[in-house]
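Peer 1: If you scroll down you'll find the structure; I have some questions about it.
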Amino acid sequence: MECKKVRIFLSDYLEDDLEPAEKESVGAHLGVCEGCRQHAELLKKSWEFLGHLETIQPSEGYISRFWTRISQEVPWHEKWLVSLRGLLNFRKLSPAYTSALVLLIIGLFSVWTFYQAKDSEFALANLSDSDIEMIEYIELAENIDIIDELDILVDFDIIENVAIEDLERT
Amino acid sequence: MFFLFSQNSSNDYLSDPDVGFMLAFQKGDQHSFEVIMKKYFPRLLNFIYRYVGNRELAEDLTQEVFVRVYKAAHSYAPKSKLQTWLYTIAKNISLNELRRSKYYTISLDEPVYSKGESLLRQVSDKTVNLPDKVLLEDEKASIVMEAIQSLPENQRMAVILRRYDNLSYEEIALAMKTSVKAVKSLLSRAKENLREKLKNVL
C-alpha cells in the first residue's frame, strides 16, 4: 500500500475502525515506513493533547436564572396552558381518567336535561284556563284533516239513529 | 375499560429515560424539566464553549437551548434520543451565532479557562523550539483552544462531539444531519489539521 493511501486510512486505523484486510495492510506498511509511522504517532499525540482543555462548570444559580428568563419571556397564560395541555393531552389519556371524563360529561348532560324538564313543568303549571282551551282547539285543528278523512262520524250517526228507533219499536 | 387514545408503543425512543423525563414535563411535571437541565446544561455548556470560544457567550447560548426546549415541549414527539435532539439544537444555535457575527474572530486576548481560573491565551511562537520549553498546563489549554478554533466549523463540531462528548459516529451524524461517511471524512481532515497545528508542541 502506498504512503498516500495509508495516510487516508490512518484516522480510521487509530480508531480501530477498519475492515480486517485494510487494517492488516496499513499495519504492515507502518511496520516498514518510518515516515508514516511518525505521521501516525503525531496524529495520535495531537488527538490526546486535546485532553488538556479542561471542563468548565456552569456559574452558580443557572437554573434560577433560567426560570427568571422564562417568567419574563413566556406570557403567564402560556405557562398555564403548558400545565393544562399536560392534563388534557388526549393522546395519552389513561383509561381511568378517560372513564371519569366520560362520566362527568354524561352527568353534566343529565343535569342539564333535568333542569330543562323542570322548566317545562313550571311553564305548564302556570297556564291559564283560556291558554289551555286554546291549546285544545289547536290540537283539534291539527287533527281536523285526519277527522275529515274518516266516515266514522256518519257511521256513528246511523248507529245512534238506529238505536233510538229500535228502542221505540220495542 | 374505555380508551380514547393510547401511547404509540412502537416508538423505540420511549426506552430512553431522558425521553421519559421530557414526556413527563409535557404532562406538566416541572421537576422533570429540571432533571434534564441538571444533566445536560454542563455538557452543552462545554460543547458550546469549545465551539464558540467564549464562556459568557456559551452560558447565554446554553440557556437559549433550554428556553427553546421549554417552548417546544407541548409539541415534542420523540424521534431520536433526547441527547441527540439537544445537541442538534445546541449545534444550530452555535452555528447561527457564529454566522450572525459574520466577521467573528477569536480574540487572542480572550481568556481561556483552566482549573476554574481564566488565563490569557498565549500564541505559540513558531520561532521557539517548543518541545524544549516545559509547557504549563494553562499554556497547553490555551494552545488546544486555539487549535480547535482554527478548524473549519464542521470539522470543529465533529472533533468536539467525538473527542469531548464521546458521541458515536451515528450520533454525530444525526446531530449534524449528515452521513456517517461524511463524519469520518470530517474527523480525518480535522485530525490532519490538528496534527499540523500542534506538531511544534508535541
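None of the figures in this text is laboratory data; all of them are computed from the coordinates on show. Because the structure is a prediction, the values reported are computed rather than measured. Cβ coordinates were reconstructed from backbone atoms using ideal geometry, including for glycine residues, and neighbour counts include every protein chain displayed.
Peer 1: What ranking, highest mean first, results for peptides B:71-78, A:14-21, B:174-181 when packing means the other Cβ atoms within 10 Å averaged over each residue?
Peer 2: B:174-181, B:71-78, A:14-21
Peer 1: How charged is the neighbourhood of B:Asp12? Take every other residue with its Cβ under 15 Å from the Cβ of B:Asp12, and add Lys/Arg as +1 and Asp/Glu as -1.
Peer 2: -2
Peer 1: Can you check what the net charge comes to around A:Ala125, using other residues whose Cβ is under 15 Å from the Cβ of A:Ala125 (Lys, Arg +1; Asp, Glu -1)?
Peer 2: So the environment of A:Ala125 carries a net charge of -3.
Peer 1: How many nm is it between the label spots at A:Ser128 and A:Ala21, if each spot is 7 Å from the Cα in line with the beta carbon?
Peer 2: For the pair A:Ser128/A:Ala21, the computed spacing is 10.9 nm.
Peer 1: Sticking with this structure for a sec: Residue by residue through region B:163-177, which ³J(HN,Hα) values in whole Hz follow from phi under the Karplus form 6.51 cos²θ - 1.76 cosθ + 1.60 (θ = phi - 60°), with glycine and proline marked x?
Peer 2: 6, 9, 9, 6, 6, 6, 4, 5, 5, 5, 4, 5, 5, 8, 6
Peer 1: Continuing with this model, one more query. At 0.36 nm per residue, and after removing the present C-alpha to C-alpha distance, how many nm does the segment from B:Asn166 to B:His31 gain when stretched out fully?
Peer 2: Extending this stretch completely gives an extra 45.8 nm.
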